[in-house]
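No value in this document is a laboratory result; all are computed from the given coordinates. Predicted, not measured: the structure shown is a model, and the values here were computed from it. Please note: Cβ atoms are built from the backbone with ideal geometry, for glycine as well, and neighbour counts cover all protein chains shown.
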Amino acid sequence: MRHRLGPRTLRVLLNLWPPFLGAGIRVRAIATDWSYARVELVHGLLNSNVFGMHFGGSLYAMTDPFPAILLQKQLGPDFKVVDQAARIEYLKPGHGRVRVETRVAPGEAARLREAGRDGAKLLPEYPVEVIDEDGDVVARVYRTVYVRRRRDAPPPAGSAAA
């Protein structure tokens, strides 16, 4: 049986998760409908690169689990959702406080649920921007998420097998 975490509990646990804790990454908000997450990172000694800017790995890590988590929570236990791939574009040096706001609209989950009702593998891509205090985009991360209806899931409502 899978453990069900609410957004508040998940936020607290992610803030204690060693990769986030060590990098100084803080999860500030997760919407109760799982449509949004806001993450921040303050520039410091432990997340600087050799040039005195934000370490790229920390900027990348800020985006890591959120599209998959938000989708999994919206789609529910009948679907398997995992990170498939990602790529990052560094656009300008990062200094100070940066933030990431990941959004997955509830309509997106409905679209994927319908597209995957027959068990097809889906690979939606979500661009996520790392924004600095001036509102400039420091980096853009393109996250590809693997989505597939679980084989042991009950047939979807309205299908011939139902």
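With Cα atoms as the point set, region 1-152 shows a radius of gyration and Dmax of 16.0, 51 Å. Considering only Thr102, Gly52, Gly119, the residue lying farthest towards the positive end of the dipole of region 47-125 is Gly52, judged by Cα position with unit charges set on Cβ.
Estimated from helices alone, the mean residue ellipticity of the chain at 222 nm is -7500 deg cm²/dmol (sum of -39500 (n - 2.57) over DSSP H runs with n ≥ 4, per residue). The length gained by stretching the chain between Val42 and Arg151 to full extension, at 0.36 nm per residue less their Cα-Cα distance, is 35.0 nm. Counting neighbouring beta carbons within 10 Å and listing from fewest to most, the residues Phe66, Phe79 come out as Phe79, Phe66.
Put simply, the amide H of His43, placed in the peptide plane, has neighbours under 5 Å in Gly96, Arg97, Val98, leaving out anything fewer than 5 places away on its chain. With contacts taken as Cα pairs under 8 Å at a separation of at least 6 residues, the chain carries a relative contact order of 22 percent.
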